[in-house]
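All remarks here apply to the structure that follows.
No value in this document is a laboratory result; all are computed from the given coordinates. Computed from a prediction, not measured in an experiment: that's the story for all the values here. As a convention, Cβ positions derive from the backbone with ideal geometry for all residues, glycine included, and neighbour counts pool all protein chains shown.
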Amino acid sequence: MDRETIAYLLIVILAVAMIATLVFAYQNTPKRKYKRLMKREYAARREQQAKLHGE
């Protein structure tokens, strides 16, 4: 493999790693975490209500 090919592959790998990092960081912003928590709590509450009505 010549130098150009190695350099090109390195750039591609770095770009992919950077995009993956950005996506991961975006999913873990406080607002998103809060929204996800609210959804989970809401689902749990609905489940509890369904159980109460079922009995």
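Structure values in brief
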{"read-out": "Sites ILE13 and LYS33, calculated FRET efficiency, Cβ-Cβ separation with R0 35 Å, nearest 0.05", "value": "0.75"}
{"read-out": "Compactness of the chain, expressed as Rg and Dmax over alpha-carbon positions, Å", "value": "22.3, 72"}
{"read-out": "Selection from VAL12, GLN48, ALA25, by position along the positive dipole direction of the chain (Cβ)", "value": "GLN48"}
